[in-house]
1. Give the residues of region C:166-183 that are over 18 Å from C:A107 (Cβ atoms) and without any contact (Cβ under 8 Å) to a residue 60 or more places away in the chain, sorted by residue number.
2. Picking from C:F136, C:F152, which residue would you name as being buried (at least 20 other Cβ atoms within 10 Å of the Cβ), touching a strand residue (DSSP E or B) at 6+ places or on another chain (Cβ under 7 Å) and not small (G, A, S)?
3. Quick check on B:S77: is it modelled with pLDDT of 90 or more and closer than 30 Å to A:G94 by Cβ?
4. Could you tell me whether region A:22-42 includes any residue that is surrounded by 23 or more Cβ atoms within 10 Å (Cβ to Cβ), of a type in the set (K, R) and touching a helix residue (DSSP H, G or I) at 6+ places or on another chain (Cβ under 9 Å)?
5. Could you check how many residues of region B:137-162 are more than 8 Å from every other protein chain (Cβ to nearest Cβ), farther than 23 Å from B:R292 by Cβ and touching a Gly at 6+ places or on another chain (Cβ under 9 Å)?
6. Please specify each residue of region C:299-311 satisfying the condition of being open to solvent by less than 10 Å² (accessible area, probe 1.4 Å) and either more than 11 Å from chain B (Cβ to nearest Cβ) or closer than 12 Å to B:S205 by Cα (or both).
7. If you go through region B:355-375 one residue at a time, how many are within 14 Å of chain A (Cβ to nearest Cβ) and either at pLDDT 85 or above or more than 23 Å from C:G142 (Cβ to Cβ) (or both)?
8. Which numbered condition trips up A:A40, out of (1) facing another protein chain (nearest Cβ under 7 Å); (2) of a type in the set (G, A, S); (3) in contact (Cβ under 8 Å) with a residue 60 or more places away in the chain?
Amino acid sequence: MGIKSFSRARAIHVMLVYTGGCNGCDIEIVNSILSPRFDAEQYNVFLTWNPREADVLVVTGPVTHLNRKPLEAIYEAIPNPKLVVAAGSCALMGGVYKNCYGDIPSEEIEGPVENIIPVNAKVPGCAVRPQDVLAGVVSLLPTLLDAD
Amino acid sequence: MDKKVPRSNIIETEIPMGTVHPAALEPYRVRFFVEDEIVQEAEITIGVNHRGIERIMEGLPVEKANALTEKICGICSNSHIWNSCRTAEMGLGIEITERAKYIRVIMGELERLHSHFLYLAHGCEVLSHETFSMRVFYLREIVMELLAMIGGNRVQYGCSVLGGVRPRCDLDEAKLLRLKNDMDALEEGLTGFVERFLGDSIVMSRITGIGVLPQKQAIELAVTGPTLRATGVARDLRTTMFEYDDFDYNVITQPDGDVKSNLVMRALESFESIKIIRQAIANIPEGKVVNRDWEMVDMDMTESYIEVPRGTLYHSYALESGRVRHCIIRTPSMANIGAMQYACIGDQITDAQLCIVQCDPCFTCTDRAIEIIRR
Amino acid sequence: MFGNTIIDSVVAVILTVLVCFVISTLLPGIERKYIHARIQQRIGPIVIAPGIMAPIKFMFKENVKVSSPVPGLYKALPIICFIVVLCVLVALTPEAYKIPALSSLVAVVGFLKVEEICYVLMGALSKSVMSVRMPFPDKIKGAAHNNSNLSFIEDISSRRSLRMITYGSFPLYLALFAPITAARSIFLQDIVAYQQMNGPFLFTVSGGIAAIVFFIGYMIILNEYPFSIIKAKSDVIEGPYMEYAAKYRSIVYLTRGFFMFVLGCVFSVLFIGVPPTIMSLGFLVNVLVALIFVFLMGIFSAFAPVFTNRQLLPTILGTTLLGILAIVLGLL
């Protein structure tokens, strides 16, 4: 294990982008990082709101039309190596909102997240549990450590 | 003379924030028009997370539609399913069992607790007071565990069904005991926090007189819920709801309508919720939790208003052969957007997000349907 | 013989700087783990995470094209900041006392001013994606003030740093000049010599008041809560540092820890009379002072919300008055 992997394993900056959906996943994720109960910082996962600082982008929600471009812009702003965690069933497959106008074609829901940016890990659940989000971020560690 | 009227039409500069911003977890766009760091005007653009729930509900069987209303909001999910069931129950004349009524009240009050704790924690976080924020999140975790115990999920519990509550959500002796013990722990923790919070002179000087919403303005803007009560108007729909007839509680009001009043308001209301839950635990009647003795008939447009943690929630729909028609939902944040825009005028830009947060925004609730204006 | 002395001095300075640097990388971690996390009743990150591991991690990240009107200058600014802090430390070492121009209080104050001006420039040059550049249809029919001119959030931060230069950092400089009243000299050599003869300045009335003022000034210049208006999370997110990525961000991280340590050394030179040098046991005093300052700062910042201009002005005014009181008492 080189110094690169060693340091990456000990400082992971996570950014959260929330792209619609019902707010449930979002609060659970913030809860998992901010609350002393789950305390992501003990696994050296830090929450940041600056894309230039982030390593892992956690995306929740089904990416509504107006959120597509901001999501892309933020993804672009993150320096490589970057990884994306899609959390919650909306982010994975559009959730209940996917066919929001039934047979009528609609541009409202652009998701799932995979259609817009490459996704490295998927965390299922409606809403996701904080433990699962932490597990999802941690499961990305090998990919992150080996990236150049 | 209203001090909050903008002084001139000339705007020095505009600072847009969002749709991703640490102080506003939800996606919305806000444009602050600023003169020397003082906000002169604010414009909130919603519709960023429009998902068309009401359209999806159209034509669904009513049980399915009820479950779908939960997905409107992850904070007050129980209120939505409760009110949606209540609409059909009112229209079809379904009697809910006494025990189910009590369990619904317990769920509703637990949700009020978790929503108010979230509000307090988020408010402290926007104040950049990480320690207080974490302490409230720690208390909130007790409520979340209770909700998970009753409903089986931490966020969307799906408690109410037509005629009562889901049998999974029935409360046995062990659950009631745990509920009782946790209420004691919660009250102790909350008392400690409130004493700490009100005794902290730095925080108090930071939030007193910020984001003032005068009573006259609040009524004019049709503000609802705790945000209205924090301006001194004792209007609480719980007093008119038959579910709350058996319970003894106070309607809390605060005089000033600023951030301090709002935060204190939520804290004091949490104590009332604990009180209601205690009464419900003590007096919970025996019996069945769901009344399946009803028939589906066509129903005319029925409306139901209830008091949810953030204000007045309105659901209405008609039923045609068991399917939902013309569903309309109005959430409290819709009414409070005007208050948010108004409250941040005249304050520092550092406080502007705080002023928006004080009105308890839930834009995910609000962004369901777009209104098409034909001209 | 003379050549040997110079080489010895240079080696001593380099060794001191290196040891100080290594210790300083631990300070952000100590603040986060042992103070903030402890107060917030959680476990917290490992000690080396924020100060050492994060900068190393950023070293290995791919550099991105900075969104700034003058990318070259913008990227140079953190390096300038680091060099400035380094110069302050070098000026404090006893080996530097032979160069009077460097080892005077005026030079230290000058270096600190450069540091502050760097924040203004950083803020003005950073154009991050989080505000105006966020793609969103803002200027549409029906929107308010469609022809207003737009500001990035960093522009506010830049204006605030300018405000901090004009009055915000006043307490720190007053506290720096308080020891002069006792030693009657602006040269660090004389200040140290005076205190070694007459006991630390800290333990006089004027010194005690000045130490409090110094501590508040220390928090202000480090932009720690509650004085962090130039990087308040509730509006400007990270302010001047928004656009730094990869190597430049790692320098920003390192500078912060280093700056904490160096300001601790400034205190121990001016108020206790112990210059930082690896050659004597007095170095332990420097480390101890730096640690005490970090502990105190951590406790204060954990229990305070961010101040706005409304609270900042009275606080700074009060502290400035205290500083003037300290100087007047020293002169009497």
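The values are calculated or read from the model by the stated rules, or taken from the named source; none is laboratory data. All of these numbers come straight from a predicted model, not from anything done at the bench. Note that each Cβ is placed from the backbone with ideal geometry, even for glycine, and that neighbours are counted across all protein chains shown. Ligands, DNA and RNA are stripped out before the accessible areas are found, and what is left, the full protein with its side chains, is counted by its heavy atoms. Shrake-Rupley method; radii C 1.70, N 1.55, O 1.52, S 1.80 Å.
1. Of all residues in region C:166-183, those over 18 Å from C:A107 (Cβ atoms) come to C:166-168, C:170-171, C:181-182.
Residue satisfying the conditions is C:T166 alone.
2. C:F136
3. No; evaluated as a whole, the condition is false for this residue.
4. The answer is no, given that none of the residues of region A:22-42 is surrounded by 23 or more Cβ atoms within 10 Å (Cβ to Cβ), of a type in the set (K, R) and touching a helix residue (DSSP H, G or I) at 6+ places or on another chain (Cβ under 9 Å).
5. Going through region B:137-162 one residue at a time, the tally reaches 2.
6. Residues satisfying the conditions are C:A304, C:P305, C:V306, C:T308.
7. Initially, region B:355-375 is screened for residues within 14 Å of chain A (Cβ to nearest Cβ), giving B:357, B:360-370, B:372.
Now narrow it down to the ones that are either at pLDDT 85 or above or more than 23 Å from C:G142 (Cβ to Cβ) (or both): B:357, B:360, B:362, B:364-365.
Total meeting the criteria: 5.
8. Only one criterion in (1) facing another protein chain (nearest Cβ under 7 Å); (2) of a type in the set (G, A, S); (3) in contact (Cβ under 8 Å) with a residue 60 or more places away in the chain is unmet by A:A40, namely (1).
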